[in-house]
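Peer 1: Could you have a look at this structure, given as structure tokens, before my questions?
The values are calculated or read from the model by the stated rules, or taken from the named source; none is laboratory data. Quantities reported herein were computed from a predicted structural model and do not represent experimental measurements. So basically every Cβ, Gly included, is an ideal-geometry build from the backbone, and we count neighbours across all protein chains shown. For accessibility, only protein heavy atoms count, side chains too; no ligands or nucleic acids. Shrake-Rupley method; radii C 1.70, N 1.55, O 1.52, S 1.80 Å.
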Amino acid sequence: MTEFIHNHILTLITFLPLLGGAVVLLIPRDRKDAIRRTALVFTLIPLLLAGMLFAGFNTSSSGFTTEAGIQFVEKHAWIRDFNINYFVGVDGLSIPMILLCALICPLCILASWNIEKGVKGYHFLFLLLETGMMGVFVALDFFLFFIFWEVMLLPMYFLIGIWGGPRKEYAAIKFFIYTLVGSVLMLLVIIYAYLVSTPHTFDLTELARNSSVLGYRAILWWGLFIGFAIKVPLFPFHTWLPDAHVEAPTAISVVLAGILLKMGTYGILRINFSLLPDVTRSMATVMAVIGTINIIYGALCAMAQKDLKKLVAYSSISHMGYVMLGMASFTDEGLNGAVLQMFNHGVVTAMLFLLVGVVYDRAHHREIEGFGGLASVTPNYAFVTFLAFFAALGLPGLNSFISEALVLLGAFKTHTVLAVIAATGVIITAAYCLWTLQRVFLGAVNQKYALLPDLTGREIASLAPLAVLVVVLGVFPHPVLNLMKSTLGSLNALVVAAL
Amino acid sequence: MNNLESLTYFASEGFLSVYIILLLAASLLIRKEQGTPGLYYSLGIFGLAVTLALEIVACATRPGSTEIFHGLLRSDSLGRLFKILCLVSGILFLLFSLLARETSKRFRDSMEYTVLALSLCLGMMLFIASNNILMLYLGMELLSFTSYLLTGFVDRDERTTEAAVKYLLYGAVASGVMIYGFSLLYGLTGSLDFSAIRAYLVANQVSGSMLFISIAFILTGLGFKIAAFPFHLWSPDVYEGAPTAFSAFLSVGPKAAGFAILMRVLYQVFGVGAQAEAPPAAQFDWTFTIAVLSALTMTVGNLAALPQRNIKRLLAYSSIAHAGYALMAVASRSAFGISAVFFYFAVYLLMNLAAFLVAIVIANEYYTERLDGYEGLGWKGPQGAFLASAMAIALFSLAGIPPFAGFIGKVYLLMAVIKKGPGLYWLAVVAVLNTVISLFYYARVVKMMFLSKRVKGAPLSAMTTERYVSYAVLGVLTFLTLLFGLYWTPLDSLSKLTMNFLN
């Protein structure tokens, strides 16, 4: 049994949620609590398995393009005639993302407990979504990667479109179309890469090893980059994000910001970096500039928002800019900082969206100006929110500080001017975070909300793990950093050596 | 091969011809009042099923390419596989006719309808297998005339009549132009036989412009059959006016047949790119022509589908767009392109007929073909949820979203194009951008069914036997759409067989 689990751990993590979805479909639709509990169980098991993965992961193995650097590999022929394999494995780049995804999904099920309409469909789609997300992070076959990448779109479309806010239909189709534009370009690159490689292969490690066969490199790079940039989202492809985030139900916003956005940067690291290292290297400035624009532009937009959820959405754009800047620095610090920031932002932004959901459930609006003095009404809620916003603004001692500092440290070496500009983003971030806290929690108590109930047990359960992580990783980031260090080192070496 | 020997290669067509005559004779004996449509349709389905079985046996036992009946017809795997595809769609056509309200209960002329349907299938089979200009023309006319009749067969309203007349007029002009093109070709080469024409073109210098005109005219006729731009204008009106079951069939069977013969003519007569043949002057390069046609067809089809509010018109335009996608692989002028076209039509049959079947069930239930009839369908109990899910899967598959078979079909087509080399990369880009456009209108139907808050209209009525049959068929089609999206090796091995007609 243990042997079986050990050998198929990635498959189990990926497909157990799907199995859970099938189970959910079999439960009668009026037994809502049974459905919710089933969904919770089928997201907790992958979390448990991810814990085992974390424990069993050998942090010293490196080598990005070699199979030796990849652990827990499973490889089976899927379509022999096209040499498509079911090829999954983890390395230091994907394992933080898997942990993040496994952690956030059960919390989202908890946060969706108050969904009453179409409970069965909702949980089925959510579990399908988790399978898609996990699949993207474990897949090492380009075709498999693409299938998972697209499989995610369908549940997301329905989850936003059915359970979303007033403009849900617009937001859902906008999300779908944007992502599809990106992914069809990726598809062409995939097919091209397959056809020029000899023997034809979709194997990402093999393609990376023989990446010199690829022609039209700059075009390929842009084809992939735009596809991923839309997902991140990088300026100027970000306009779907505020709509989707604002209209989506709380748990889906959490998944969107916490996990889906990371897929963009993950894809750039996994595919652009390894398949086209030379182009990546030559695009360093472009990427760094885009990252800096994201930081500053996102922060300024966030400051201008009146809607709390929109503010958090724009802050995501800003924070993902740090990831981009770190990646573009091509230093070990920058790269480690970038991936750590992906993880940290996942944790922090998930918290923020959960918190927005909490207040929205009670007050049924999200106008920042509409509150006031909530700190005295709901002290526990205020405490957690302060923690989350402080983490978002990069307060030393909390997790984001470390990753942002690493990013800026790395960027300063190679893009000094941009790093300086980006650093001013920290100030803007502090400004909008503190200003928001002040408007919502401090000042005179808005009498309309004088009797607002504080956090419930379920809400605490969904927030507490994240809050603990924020603090623990703020003082002791090594568990996560150690995971990625050697893999990212070899990835960086690959890119730096390419030019 | 002489006529007597040829008969063994002709078992399925021969059986079908005899069966049609027997059925006609039988219809004289059975009085109309006694016969329910069910009986006739079952007889028709039985006949087609036996024909299909014979065809499958022939496909398995007679590999290789043989000219039969002194070169009038050709027995090869390309033809046989496309015939199988057409026969499957023919069987489903009769099944759908049984399920659709307009052609099932109180439909007095089901006998004639069935005989016409069988004749249409016979026409398709001859058309696909033809190896001679005359045979091609005869097959096509048999196919066309029965199509005109079936379009106007059910006297619903004035739209039906309009559709039938329009179809007839367009069709007559197109086949006239085509036969003129063929007569030019005959004049140039002095032969009606494809192989002989090919041999002449390879051996002799032929006037380029004359050949070009001839090809253009032939393409007009075939383009009409597959509803390619700019010969697509008939199809939305015909699809809308014809009985829904027949529209469903038109979008798959005759279209696939048209593609089969298009490839046969282009590859066999006007040169094969895949084989390293000495490039004579006659190696007229039609790649670019077809590529442009393909790009225009898919773009026009998709753009015109955007504002549609009638499900049949929407599917008609979508079917134009899909012809454009498939043309892309024809343009690749390679053996892989041929198998890609077959693969695409196999999955297109599944997903498109599933979409049409849902349209039939909804039309039966709510007497509407408008998209508003689908509002809130996903929330109308288990039946509604099943129908809406099946429809959503079919539509997303048509849009080419994984993990459905339509996506794999698109990958085949794109692969064929990209394999061809940099010259056609632009076509691949056009195609994927078209996929995005198409998502708009497919997703609009899905939006109606699931995202709309209002549940419009009455709940679905209780289950009947017909409903069970519809759902079973729908379930099978949907299951296969999903299965071939995840594991398509069986279909891949089949489609590979089409390639060997080139030897």
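Peer 1: Could you report the accessible area of A:Thr198 in Å², rounded to 10, computed with a 1.4 Å probe on the protein chains as they sit in the structure?
Peer 2: We get 120 Å² for A:Thr198.
Peer 1: What does the charge count near A:Arg217 come to, summing +1 for each Lys or Arg and -1 for each Asp or Glu among other residues with Cβ under 15 Å from its Cβ?
Peer 2: After counting each charged neighbour, the total is 0.
Peer 1: Still on this structure: Show me you know the interface measure: the accessible area buried between B and A, both chains summed, probe 1.4 Å, in Å² to the nearest 100. Before the final figure, lay out the partial values.
Peer 2: Values: alone 18310 and 17320 Å², together 32280 Å².
Approximately 3300 Å² gets buried when B meets A.
Peer 1: A further question on this structure: Using the crude model of +1 on Lys and Arg Cβ and -1 on Asp and Glu Cβ, and no other charge, please compute the dipole size for region A:288-499 relative to its Cα centre, in debye to 20.
Peer 2: On the way: 10 positive and 9 negative charges, 43 e Å.
For this selection, approximately 200 debye.
Peer 1: Please say if region B:382-503 is rounded, prolate or oblate, where rounded means a/c under 1.5 for a ≥ b ≥ c the square roots of the C-alpha gyration tensor eigenvalues, and otherwise the choice is prolate for a/b larger than b/c and oblate otherwise? Don't jump to the answer; show the numbers that get you there.
Peer 2: Values: a/c = 3.82, a/b = 1.64, b/c = 2.33.
Verdict is oblate for region B:382-503.
Peer 1: In whole Hz, with x marking every Gly and Pro, tabulate ³J(HN,Hα) for region A:47-57 from phi via Karplus 6.51 cos²θ - 1.76 cosθ + 1.60, θ = phi - 60°.
Peer 2: 5, 4, 5, 5, x, 5, 4, 4, 5, x, 6
Peer 1: What is the Cα centroid distance between region A:292-333 and region A:166-235, reported in whole angstrom?
Peer 2: Using only Cα atoms to place each centre, the spacing works out to 23 Å.
Peer 1: Ordering A:Tyr216, A:Tyr178 from largest to smallest accessible area (1.4 angstrom probe), what's the sequence?
Peer 2: The ranking, largest first, comes out as A:Tyr216, A:Tyr178.
Peer 1: Which of A:Lys117/A:Lys168; A:Lys231/B:Lys419; B:Lys83/B:Lys496; B:Lys255/B:Lys447; A:Lys120/B:Lys447 have a Cα-Cα distance over 23 Å?
Peer 2: In this structure, A:Lys231/B:Lys419; B:Lys255/B:Lys447 lie more than 23 Å apart at Cα.
Peer 1: Dipole of chain B (Lys/Arg Cβ +1, Asp/Glu Cβ -1, origin at the Cα centre): which of B:Thr151, B:Asn132, B:Ser318 lies farthest to the positive side?
Peer 2: The one lying farthest along the dipole's positive direction is B:Ser318.
Peer 1: So, one more: What are the residues whose amide H is under 5 Å from the amide H of B:Asn132, where those residues sit 5 or more places off or on another chain and H is modelled from the backbone?
Peer 2: For B:Asn132, whose amide H was placed from the backbone, the distant partners under 5 Å are B:Phe194.
Peer 1: Can you give the local net charge around B:Ala248? Use residues other than it whose beta-carbon is closer than 12 angstrom to its beta-carbon, Lys and Arg +1, Asp and Glu -1.
Peer 2: Numbers: positive: B:Lys255, B:Lys312; negative: none.
Around B:Ala248, the charge tally is +2.
Peer 1: Considering amide H positions built from the backbone, and no H for Pro or chain starts, which residues 5 or more places from B:Ile68, or on another chain, come under 5 Å of its amide H?
Peer 2: B:Leu73, B:Arg74, B:Ser75
Peer 1: Starting from the amide H of A:Ala248, placed 1.01 Å from N in the peptide plane, find each other amide H under 5 Å away whose residue is 5 or more places distant or on another chain.
Peer 2: Counting only residues 5 or more places away or on other chains, the set is A:Gly165.
Peer 1: While we're on this one: In nm, to one decimal, how far is the A:Ala464 label point from the B:Val57 one, both placed 7 Å along Cα→Cβ?
Peer 2: About 7.3 nm, to one decimal.
Peer 1: May I ask you to list the aspartates and glutamates whose Cα is less than 16 Å away from that of A:Lys413, ignoring any residue fewer than eight positions away on the same chain?
Peer 2: A:Asp332, A:Glu333, A:Glu404
Peer 1: Which value in nm describes the separation of the simple spin-label points at A:Asp30 and B:Leu482, placed 7 Å from the Cα toward the beta carbon?
Peer 2: Between A:Asp30 and B:Leu482, the simple spin-label model gives 2.6 nm.
Peer 1: If a paramagnetic tag sat 7 Å from the Cα of A:His76 along the Cα-Cβ line, which residues of region A:1-29 would have the backbone N under 19 Å from that point?
Peer 2: A:1-22
Peer 1: Based on the alpha-carbon gyration tensor of region A:371-499 and its eigenvalue square roots a ≥ b ≥ c, which shape applies: rounded if a/c is under 1.5, prolate if not and a/b is larger than b/c, or oblate?
Peer 2: Numbers: a/c = 4.16, a/b = 1.91, b/c = 2.18.
Oblate.
Peer 1: So, one more: Can you put A:Asp141, B:Asp285 in order of accessible area, largest first, using a 1.4 Å probe? Walk me through the numbers on the way to the answer.
Peer 2: Values: A:Asp141 0, B:Asp285 95 Å².
So the residues, ranked largest to smallest area, are B:Asp285, A:Asp141.
Peer 1: Once the Cβ-Cβ distance between A:Asn7 and A:Arg37 is put in as r, and R0 is 30 Å, what FRET efficiency do you end up with, to the nearest 0.05? Before the final figure, lay out the partial values.
Peer 2: On the way: r = 29 Å, r/R0 = 0.97.
Once rounded, the FRET efficiency stands at 0.55.
Peer 1: Considering only protein heavy atoms, what is the solvent-accessible area of B:Arg108 at a probe of 1.4 Å, reported in Å² to the nearest 10?
Peer 2: Per-residue accessible area (B:Arg108): approximately 150 Å².
Peer 1: What order do A:Leu463, B:Leu134 take when sorted by accessible area (1.4 Å probe), most exposed first?
Peer 2: On the way: A:Leu463 5, B:Leu134 95 Å².
Descending accessible area places them as B:Leu134, A:Leu463.
Peer 1: Still on this model: Can you list the residues in region A:78-103 whose accessible area drops by at least 30 Å² when all protein chains are present, compared with the chain alone? Use a 1.4 Å probe, heavy atoms only.
Peer 2: Flagged in region A:78-103: A:Trp78, A:Ile79, A:Asp81, A:Phe82.
Peer 1: Where does helix B:37-61 land angle-wise versus the long Cα axis of chain B, in degrees 0 to 90, nearest 10?
Peer 2: 40 degrees
Peer 1: With contacts defined as alpha carbon pairs under 8 Å and 6 or more residues apart, what's the relative contact order of chain A in percent?
Peer 2: 17 percent
Peer 1: Same structure, new question: Express the accessible area of chain A per residue in Å², computed with a 1.4 Å probe while the remaining protein chains stay in the model.
Peer 2: Computed with neighbouring chains in place, this is 31 Å² per residue.
Peer 1: Measure nothing but the geometry: give the 0 to 90° angle between the long axis through the Cα atoms of A:217-231 and the longest principal axis through the Cα atoms of chain A, rounded to 10°.
Peer 2: Helix A:217-231 and the main axis of chain A meet at about 20 degrees.
Peer 1: Then there's this: What size of dipole, in debye to the nearest 20, comes out for chain B about its Cα centre when the only charges are +1 on Lys and Arg C-beta atoms and -1 on Asp and Glu C-beta atoms?
Peer 2: So the magnitude is around 1080 debye.
Peer 1: Any idea which of B:Leu482, B:Tyr113, A:Ser318 is furthest toward the positive side of the dipole for the protein assembly as shown, if Lys and Arg beta-carbons carry +1 and Asp and Glu beta-carbons -1?
Peer 2: My answer, from the dipole projection, is A:Ser318.
Peer 1: Now a separate question. Net charge near B:Ala305, counting Lys/Arg +1 and Asp/Glu -1 over other residues with Cβ under 14 Å of its Cβ?
Peer 2: +3
Peer 1: Sticking with this structure for a sec: Please work out the FRET efficiency for the pair B:Ala203 and B:Leu24, using the Cβ-Cβ distance as r and a Förster radius of 60 Å; give the result to the nearest 0.05.
Peer 2: 0.80
Peer 1: Tell me the mean residue ellipticity at 222 nm calculated for the protein assembly as shown from its helices only (DSSP H runs of n ≥ 4, each -39500 (n - 2.57), averaged over every residue, nearest 500).
Peer 2: It comes out at -24000 deg cm²/dmol, rounded to the nearest 500.
Peer 1: Could you give me the ³J(HN,Hα) list for region B:344-356, computed from phi with Karplus coefficients 6.51, -1.76, 1.60 and θ = phi - 60°, whole Hz, x at Gly and Pro?
Peer 2: 4, 5, 4, 6, 5, 4, 4, 6, 5, 5, 4, 4, 5
Peer 1: Once phi is turned into ³J(HN,Hα) by the Karplus curve 6.51 cos²θ - 1.76 cosθ + 1.60 with θ = phi - 60°, what whole-Hz value does each residue of region A:477-487 show in order, with x for glycine and proline?
Peer 2: Each residue of region A:477-487 in turn: x, 4, x, 7, 4, 4, 4, 9, 3, 6, 4 Hz.
Peer 1: Where does helix B:133-151 land angle-wise versus the long Cα axis of chain B, in degrees 0 to 90, nearest 10?
Peer 2: 10 degrees
Peer 1: By the gyration tensor of its Cα atoms, with a ≥ b ≥ c the square roots of the eigenvalues, what is the shape of the protein assembly as shown: rounded for a/c under 1.5, prolate for a/b over b/c, or oblate?
Peer 2: The shape class here is prolate.
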